[in-house]
Amino acid sequence: MQTVFDRRVDQRLITGALAPAAFGSMWLDPDSAGPVPHYPRGTGAVGCDLLVVGGGYTGLWTALHAAERNPGATIALIEAETIGWAASGRNGGFVDASLTHGAQNGRSRWPAEFDQLQRLGLANLQGMQADIETHRMRVDWERTGMLSVATEPHQVRGFRDAATEGEGRFLDKSAVRAELHSPTYLAGLFAADSCALVHPARLVFELARACTDNGVQIFEHTAAETIRRDGGGLRVGTGTGAITAQQVVLATNVFPSLLRRNRLFTVPVYDHVLATEPLTAAQLDRIGWRDRQGVSDAGNQFHYYRLSADNRILWGGYDAMYHYGRRVDVRHEDRPESFRKIAGHFFITFPQLADIRFSHRWAGAIDTNTRFCAHWGLAGRGRIAYVNGFTGLGVGAARFAADVCLDLLDGRPTERTELEMVRRRPLPFPPEPAASIGIGLTRWSLDRADHRAGRRNLFLRTLDRLGLGFDS
């Protein structure tokens, strides 16, 4: 059985549309991001109360909230490259309220606390908006809501069921096409309050500004190489000088953890993204995208898309790739076959935009674990907190994760730290070659399910029973 995305697209159309696409994140392009801040390289010895390792969303939210909780504390943050150069500057800018990578994933794994997780997720989204307003961050923040679209008949029933669970408003074919016109849409589910859109790079740069405004020292091009206990504190070696700290938060996302025990818990999966040139008023009118909702389709291998402030369409997802050896390597990023595949899917979805051209193409590594949402832990006799595993839905969840890390270091139980989701870690991935074989089989099985009206094969059903099945 074929899916809608198996349709053939004229390869000359794809070649022509991709021809002008520059390699690199649209968000990090100075024409989009504006002035890029620069911070000094760490040199010599530094001492602080709290050291944050990692200059993305998680690290910056941690540093900012730590400074607000403890105004007299000395806080430093180090980044191996530049602030926001990795996932925080390359994502789609969807700020989803879900902490569990979707309702279905959360409900199946933590049914007893699912309602609590939903409440905390919405409160975190509201808190993020309040922080943005308090610190006057100019980040193109939009509370647009999220539109999920069904492109296969079996997905329509799932949307009806989700609507009865209070997860959104069901839209039939005519209603969803009135919101955004694509001949592939069979139904929709609109959640008005659970998603915002943001300019990812501006968010990370503005977070860094807010941190320094609150006394945080930020050092770029300062890679953490080792961590060990040092008397009553911790010592982090950076190659340019040691940093001593009473506490450390490891916010290194997809990159290998300084703690060897954590290195099997996540794997890097590469996500590929395209951005169009700005749409003209006539092009926008052809698709009727008047309310600027974030959009995602309902496949196991799904596309996500949205409008930027200057009316470019960001189009990503579907062809997520794992590469043998679980290494993060820039050579995995510029993969022509992936860009051609998702460009073809763009024209299947919006054939009325055959005159559009892509201005940017890029990719980035997502850290995923076996439960598809963040996990936490403590090490170093309670002086080191860490979090990993956001699986591509971390723009909003990173703020919650930062607060959990600070709660864990405080050593006092909170509503957040008492969650089973926080207290329990996922199962690790096996070492190679088993990891590559298992991930490849999972990816093949998910694709097969999309081609068999959503029916999951024995392998996926076994993973489901073990709590390892992908169901977001």
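Read the figures in this text as sums done on the coordinates, not as results from a lab. Since we're looking at a predicted model, the values are computed, not measured. Here the Cβ positions follow ideal geometry from the backbone for every residue, glycine too, while neighbour counts run over all protein chains shown.
Summary table below
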{"read-out": "Interchain or long-range residues, amide H under 5 Å from VAL387's placed H", "value": "LEU250, THR252"}
{"read-out": "Residues with amide H under 5 Å from that of HIS360, placed H, sequence gap 5 or more", "value": "ALA22, ALA275"}
{"read-out": "Under the Karplus curve 6.51 cos²θ - 1.76 cosθ + 1.60, θ = phi - 60°, whole-Hz ³J(HN,Hα) for segment 215-231, x wherever Gly or Pro sits", "value": "x, 6, 8, 10, 10, 9, 6, 10, 8, 6, 10, 9, 9, 8, 6, 9, x"}
{"read-out": "More than 29 angstrom apart: percent of Cα pairs within segment 317-472", "value": "34 percent"}
{"read-out": "Relative contact order for the chain, counting Cα pairs under 8 Å that sit 6 or more residues apart, in percent", "value": "24 percent"}
{"read-out": "Nearest 10 degrees, 0 to 90: helix 394-410 Cα axis against the chain principal axis", "value": "20 degrees"}
{"read-out": "FRET efficiency estimate (nearest 0.05) - Cβ-Cβ, PHE114 to ASP447, R0 35 angstrom", "value": "0.80"}
{"read-out": "Rough spin-label spacing in nm, given labels placed 7 Å along Cα→Cβ, for ASP161 and LEU458", "value": "2.4 nm"}
{"read-out": "0 to 90° range, to nearest 10: angle between helix 434-450 axis and the chain longest Cα axis", "value": "30 degrees"}
{"read-out": "DSSP beta bridges in the chain [antiparallel fraction, %, rounded to 5]", "value": "65 percent"}
{"read-out": "Estimated Rh, the chain: Kirkwood, alpha-carbon pairs, angstrom", "value": "22.8 Å"}
{"read-out": "MRE, 222 nm, helices only [DSSP H, n ≥ 4, -39500 (n - 2.57), over the chain, to nearest 500]", "value": "-10000 deg cm²/dmol"}
{"read-out": "Cβ-Cβ FRET estimate between GLU337 and VAL36, R0 fixed at 45 Å, reported to 0.05", "value": "0.90"}
{"read-out": "Folded to 0 to 90 degrees: helix 200-213 orientation relative to the chain principal axis, Cα", "value": "20 degrees"}
{"read-out": "Peptides ranked, highest mean first, by Cβ atoms within 10 Å: ranges 129-139, 260-270", "value": "260-270, 129-139"}
{"read-out": "Neighbour-count order for ASP450, ASP230, fewest beta carbons within 10 angstrom listed first", "value": "ASP230, ASP450"}
{"read-out": "J(HN,Hα) series, segment 254-271, from Karplus relation 6.51 cos²θ - 1.76 cosθ + 1.60, nearest Hz, glycine and proline x", "value": "7, 7, x, 5, 5, 9, 4, 4, 8, 6, 9, 7, 10, 10, x, 10, 8, 9"}
{"read-out": "In order through segment 16-24: 3J(HN,Hα) via Karplus (6.51 cos²θ - 1.76 cosθ + 1.60), integer Hz, x for Gly, Pro", "value": "x, 5, 7, 3, x, 6, 6, 7, x"}
